[in-house]
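Take a look at the structure below.
Every number here is computed from the coordinates shown, using simple stated rules; none is lab data. What you see is a predicted model, and the numbers here were worked out from it, not measured in a lab. Ideal geometry is used to build each Cβ from the backbone, glycine not excepted, and the neighbour counts take in all protein chains shown.
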Amino acid sequence: MTAAPDHAPTITGLSTWQRMQRHLPLLLVPLLVVVGYLAIPATSSWLTLTVSGLAMGMMIFIMASGLTLVFGLMDVINFGHGAFISVGAFVGVSILLALGSLTGAPSLALNIAAVLVAVAGAMAATAVMGWIFERVIVKPVYGAHLKQILVTMGGLIIVEQLILIVWGPDEIFFSRPEMLKGAITFAGAAIEKYRLLAVGFGLVLFLAMIWVLRSTKIGLIVRAGVQNGEMVEALGYRLRIVFVAVFIAGSALAGLGGVMWALYQEVITAHMGQEMMVLVFIVVIIGGLGSVEGCFIGALLVGLLQNYVGFIEPKVALISNIGLLVLILMWRPQGMLPVVKAK
Amino acid sequence: MSDPVLSLQGVHTDIAQYHILRGVDLEVPAGGVTMLLGRNGVGKTTTLRTIMGLWRAKEGRVVFRGEDIAALPTPAIARRGIGFVPEDMGIFSDLSVEENMTLAAVSGPIDAERLDWLQSVFPPLRTFWKKEAGTLSGGQKQMLSVARAMIEKRRLYLIDEPTKGLAPAIVATLAGALRALKQEGASILLVEQNFSVAKALGDTCAVMDDGRVVWAGEMATLAGDTALQERLMGLSMESA
Ligand SMILES: Nc1ncnc2c1ncn2[C@@H]1O[C@H](COP(=O)(O)OP(=O)(O)OP(=O)(O)O)[C@@H](O)[C@H]1O
Ligand SMILES: [Mg+2]
């Protein structure tokens, strides 16, 4: 019971170099783009692939962003997240098909209006579905990982079966709205308009999310909650309510991602969400569980790699992402931008 | 004497399968500083966490200003006006000092005057206002943790070993802050191993052993009785 002596060690702050090192992963995306440039013979192909890789990355990010926060906030592993992607796609595409007069018109304004209505419908549907999913499936298994995995997978199977009942067993083909078809030519490279649109939209959405997380009190609560949920509660905030809100928002975002992916592929199937989940999980893990920025970088890396490798050596495209996962975890076992967790 | 602001009556708490608190009886008088003392591992931290609802009392009552709060959820307990400084400080390391403080002001924006005062009590808060809290030194983090609890006036502060491992200058700063809180009329339940701080701040005192309060009384009584200290805590605090 003595006061600490003068020479007591104090924990000093991180040096500038250590701080810079932490942000090193930010350089990986430009690095991969440069590597792609060196590895791909024709500049025009490289440009096309880069845009399509970024577009794919943005869509994966939109699908994954909610999942990483849901895990970070309450340690909930949701294997059913893919269900929201599929449902979003089916609801969105049904709306687009119903709005055929708008999507078929050669007017950008009408086309965009149709897409916005489809997106709003898909997000509303998946938000409601997320709310129900949380209450019925996730809430009873808080804190029990194995049960979470089993139960949420069960939820996914049920939702997929419901899609088959409502929309029938066949895949649905459709085409993008008139003005979103085709490509523009830039520096000798053909770049699909829709991909450019997806990149721009994804970027805006990412910046908006970062703004909410950094500049609003709700955002602060979410970020703090990912690090130390107990302390957030001890300050007087009800983490469970925040968690449910994030779960619902994340589900709606997955629905949005589903619509965007559907427009990208121009075909939808009941298990498309489940297929995307492989990439989504890779992205969430390499980004660092609970980190939105890490998730964003991870998604761009996965999208770019998939496209570059798919062009150079199609057979290894899928395993290239597993390779990325392994490499990143060897470098940083907690993911690229790990959240500093209490405990 | 007026009613205690907080009283624990026969509180039992289990952590997993272990029976840690075995009938804690404790009173914190309004407007005073109550020291919670005892050897390592006797249940001081568990007692504070049970009051906050972070561990659940399986038996007994936790009465705060006349209301049994034992079954309330943690956020509701905090909103009754209880500020908590946990043993591990509970700093949000990825957030800036400013963001840590903003979050702690639960009932609205930070009061500028109070912040100004806190920054003069803890000068590093001003210097490192925009800095990521994880990059602060141990002492600076402890100041942030205490300041965070103080950013709004609370009725009761639960503070767990705020001076552990800190240099004397910082200990003096923290002691000064706690004295200022006391002058504000707040009640404080303070776990403190540093006896000179305990003696200087404490009005009353409770000593725990093996999950119970085994002695309670005036701080001065304990401070003046070396034999009693030796019996209760196995060592004399005067040796400090
Ligand atoms: N998470 C836990 N799981 C199991 N046992 C625990 C846990 N936390 C504390 N304990 C046990 O509960 C008992 C009381 O611990 P507590 O932290 O309340 O003691 P303390 O008086 O605060 O000690 P110290 O002075 O070292 O901080 C100890 O025996 C400890 O081993
Ligand atoms: Mg302790």
For this session: Please compute the Cα-Cα pair-distance distribution of segment A:246-308 with 5 Å bins starting at 0, giving whole percents from short to long.
Result: 4, 16, 21, 30, 20, 8, 1
Seminar exercise, completed: In units of 2.2 N^0.38 Å, the Cα radius of gyration of chain B is 0.98
Seminar exercise, completed: segment A:188-343: spread of alpha-carbon positions along the three principal axes, whole Å, largest first, is 56, 34, 33
For this session: Could you tell me the distance between the Cα centroids of segment A:17-49 and segment B:155-223, to the nearest Å?
Result: 56 Å
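Measure up B:Lys131/B:Lys199; A:Lys193/A:Lys217; B:Lys131/B:Lys153; A:Lys139/B:Lys153; B:Lys141/B:Lys182 against 29 Å on the Cα-Cα distance and list the ones that go over. Please list the in-between numbers first.
Working: B:Lys131/B:Lys199 35 Å; A:Lys193/A:Lys217 37 Å; B:Lys131/B:Lys153 25 Å; A:Lys139/B:Lys153 35 Å; B:Lys141/B:Lys182 22 Å.
Violating the 29 Å Cα-Cα cut-off are B:Lys131/B:Lys199; A:Lys193/A:Lys217; A:Lys139/B:Lys153.
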Exercise. Roughly what % of Cα-Cα distances in the protein assembly as shown sit above 46 Å, to the whole percent?
Worked result: 29 percent
Seminar exercise, completed: Here the alpha-carbon Rg of chain A over 2.2 N^0.38 Å rounds to 1.06
Seminar exercise, completed: Connecting every pair of Cα atoms under 10 Å apart in chain A and solving the GNM, the largest mean-square fluctuation among A:Leu253, A:Leu324, A:Leu220 falls on A:Leu220
Exercise. So what is the diffusion coefficient of segment A:97-187 in µm² per second by Stokes-Einstein at 37 °C and 0.692 mPa s, using a Kirkwood Rh over Cα pairs?
Worked result: 201 µm²/s
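Among A:Met330, B:Met150, which comes first, second and so on when ranked by fewest other beta-carbon atoms within 10 Å? Intermediate results must be reported in sequence, preceding the final value.
On the way: A:Met330 8, B:Met150 25.
In order of increasing Cβ crowding within 10 Å: A:Met330, B:Met150.
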Seminar exercise, completed: Footprinting proxy, A:Tyr142, B:Tyr157, A:Tyr264: sorted fewest to most Cβ within 10 Å, the residues are A:Tyr142, A:Tyr264, B:Tyr157
For this session: Just tell me which aspartates and glutamates come within less than 13 Å, Cα to Cα, of B:Lys58; anything on the same chain fewer than 8 places away is out.
Result: B:Asp14
Problem set entry | Estimated translational D of segment B:128-212 in µm²/s (Stokes, Kirkwood radius over Cα pairs; 25 °C; 0.890 mPa s) | 177 µm²/s
Problem set entry | Nitroxide proxy distance, nm - points 7 Å out along Cα→Cβ at A:Ser215 and A:Ile184 | 2.7 nm
For this session: Working from Cα positions, state the angle (0 to 90°, nearest 10) between the long axis of helix B:168-183 and the longest principal axis of chain B.
Result: 80 degrees
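Within the protein assembly as shown, what percent of beta bridges assigned by DSSP are antiparallel, to the nearest 5? Intermediate results must be reported in sequence, preceding the final value.
Details: 30 of 47 bridges.
In the protein assembly as shown, approximately 65 percent of DSSP beta bridges are antiparallel ones.
I'd like the Kirkwood hydrodynamic radius of segment B:69-123, using the inverse of the mean 1/r over distinct C-alpha pairs, in Å. Please list the in-between numbers first.
Values: mean 1/r = 0.0766 Å⁻¹.
Over segment B:69-123, the inverse of the mean reciprocal pair distance is 13.0 Å.
So for segment B:92-153, what are the equivalent ellipsoid semi-axes in whole Å, largest first, each being the square root of 5 times an eigenvalue of the Cα gyration tensor? Let's see the in-between values first.
Working: eigenvalues 57, 32, 18 Å².
For segment B:92-153, the ellipsoid semi-axes come out as 17, 13, 10 Å.
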Exercise. Which whole-angstrom value gives the distance between the alpha carbon centres of segment A:200-214 and segment A:83-137?
Worked result: 21 Å
Exercise. In terms of modelled amide H atoms, which long-range or inter-chain residues lie less than 5 Å from the amide H of B:Phe84?
Worked result: B:Leu158
Exercise. Hey, what number do you get for chain A at 222 nm if only DSSP H runs of n ≥ 4 count, each worth -39500 (n - 2.57), divided across all residues, to the nearest 500?
Worked result: -24500 deg cm²/dmol
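Where does chain B land at 222 nm, in deg cm²/dmol rounded to the nearest 500, when only DSSP H runs of n ≥ 4 count, each adding -39500 (n - 2.57), divided by all residues?
Numbers: 10 runs with 86 residues, N = 240.
-10000 deg cm²/dmol, from helical runs alone.
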For this session: Compute the Cα gyration tensor for segment A:1-156, then decide on rounded, prolate or oblate, letting a ≥ b ≥ c be the square roots of its eigenvalues: rounded whenever a/c is under 1.5, prolate when a/b is larger than b/c in the other cases, and oblate in all that remain.
Result: oblate
Exercise. Check B:Glu59: other-chain or 5+ apart residues with amide H under 5 Å from its amide H, H built from backbone geometry?
Worked result: B:His12
Exercise. Using θ = phi - 60° and the Karplus form 6.51 cos²θ - 1.76 cosθ + 1.60, what ³J(HN,Hα) does each residue of segment B:45-58 get, whole Hz, x for Gly and Pro?
Worked result: 4, 4, 5, 4, 5, 5, 4, 6, x, 7, 10, 9, 5, 8
For this session: Check cross-link reach from B:Lys130 to the aspartates and glutamates: straight Cα distance under 14 Å, and skip same-chain residues fewer than eight apart.
Result: B:Asp94, B:Glu98, B:Glu99
Seminar exercise, completed: Most exposed first, judged by fewest Cβ atoms within 10 angstrom, A:Cys295, B:Cys205 run B:Cys205, A:Cys295
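Just to be sure I understand: of the beta bridges DSSP finds with both ends in chain B, what percent are antiparallel, rounded to 5?
Roughly 60 percent of the beta bridges in chain B run antiparallel, per DSSP.
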Problem set entry | Helical segments meeting 24 Å axial Cα length and Kyte-Doolittle -0.5 threshold in chain A (DSSP H) | A:43-74, A:81-98, A:108-133, A:145-167, A:193-215, A:239-265, A:292-312
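For segment B:92-153, with only Lys/Arg (+1) and Asp/Glu (-1) charged at the beta-carbon, what is the dipole magnitude about the Cα centre, in debye rounded to 20? Let's see the in-between values first.
Details: 7 positive and 8 negative charges, 37 e Å.
Taking the Cα centre of segment B:92-153 as origin, the dipole is about 180 debye.
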Exercise. Binning every alpha carbon pair distance of segment A:103-145 at 5 Å from zero, what are the percents per bin?
Worked result: 6, 20, 14, 14, 11, 9, 8, 7, 6, 4, 1
